[in-house]
1. If I filter region 31-77 down to residues being small (G, A, S) and within 25 Å of the chain's Cα centre (by Cα), which single residue comes out as farthest from T92 (Cα to Cα)?
2. When you scan region 181-194, how many residues do you find that are more than 15 Å from V137 (Cβ to Cβ) and not in a strand (DSSP E or B)?
3. Quick check on my filter: what residues within region 122-144 are loosely packed, with under 11 Cβ neighbours inside 10 Å and farther than 29 Å from Y57 by Cβ?
4. If you take the residues of region 161-189 that are free of Cβ contacts under 8 Å to residues at least 24 places away in the same chain and among the small types (G, A, S), which of them is most open to solvent (accessible area, probe 1.4 Å)?
5. Could you grab me the full set of residues in region 58-68 that are in a loop (DSSP other than H, G, I, E, B) and basic (K, R)?
6. Which of the residues belonging to region 55-67 are of a type in the set (G, A, S) and either open to solvent by 80 Å² or more (accessible area, probe 1.4 Å) or touching a helix residue (DSSP H, G or I) at 6+ places or on another chain (Cβ under 9 Å) (or both)?
7. Pick from region 70-102 the residues that are within 13 Å of L45 (Cα to Cα) and among the aliphatic types (A, V, I, L, M): which of them is most open to solvent (accessible area, probe 1.4 Å)?
8. Among S112, S120, which is touching an Asp or Glu at 6+ places or on another chain (Cβ under 6 Å) and either free of Cβ contacts under 8 Å to residues at least 24 places away in the same chain or closer than 14 Å to A185 by Cα (or both)?
Amino acid sequence: MKERKTISLSSVYSNLKMKAEGVKSKHKSENSIQFSYTGKPKLDLGDLDDSYDNKGYVNGNKVTVKASILLKKLRENSPDYKFTGSGNHTYTVSGLVDKSADYSKLVNYVDSEKKKEEDSKIVYSTSITKLGDLQKVYVGRDTYSDGNKYEAILVYTNSDSDSDEKTLYCKLDGLTFKNGKLQGADNYRITSDGDVDDMLQLK
């Protein structure tokens, strides 16, 4: 029988990367932790993410990977190797969308589109189409998109004096968050109602 190669836990830690995704939120479903192993040989971490997910993280939180948990996952999912060592490793959460997120690109896009007489890419799901001043901006996870996408709701006053609606909501889906900026969108639509209960307010 071929003897299994021994891999130290310290070498695993040196190639174990942690990434946080989502929105700074007390709502646990709004962010998540993902681990990846970048070393060789390729090791299977199994469901290591599940042990640290859904905790309601914010940037700056410390996440400690316990040796007991990591060794258990490695031994279960990479049985061709022998793992030795002890000690925990701590990571710092960063990269979550938080109050400092730059949303100016989204506002500028809506401003340019709402000025168009026709051929605007914004879909109006209400007959009221006169957006007034921007009042508030919210962001949350886009649970209907594949991958790590976000949705934003921009709240405007209604400049249609003949309407009973005082507020209009511009909903933007399929956003990405890169280098501190919210950008892009798969859909833009104007409605007369918006649910922002589980979203982070940026403005």
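1. Filtering region 31-77 for residues that are small (G, A, S) and within 25 Å of the chain's Cα centre (by Cα), the one farthest from T92 (Cα to Cα) comes out as G46.
2. Selection size over region 181-194: 4.
3. S127, D133
4. S161
5. At the first step, the residues of region 58-68 found to be in a loop (DSSP other than H, G, I, E, B) are 58-61, 66.
K66, the sole residue that qualifies.
6. G56, A67 - these are the residues of region 55-67 that are of a type in the set (G, A, S) and either open to solvent by 80 Å² or more (accessible area, probe 1.4 Å) or touching a helix residue (DSSP H, G or I) at 6+ places or on another chain (Cβ under 9 Å) (or both).
7. Taking the candidates together, the pick is L71.
8. After ruling out the rest, the residue left standing is S120.
The values are calculated or read from the model by the stated rules, or taken from the named source; none is laboratory data. Because the structure is predicted, anything quoted here is derived from the model rather than measured. Using ideal geometry, Cβ is built from the backbone for each residue, glycine included, and neighbour counts are taken over all protein chains shown. Note: accessible area is taken over every heavy atom of the protein model, side chains too, but ligands, DNA and RNA are not part of it. Shrake-Rupley method; radii C 1.70, N 1.55, O 1.52, S 1.80 Å.
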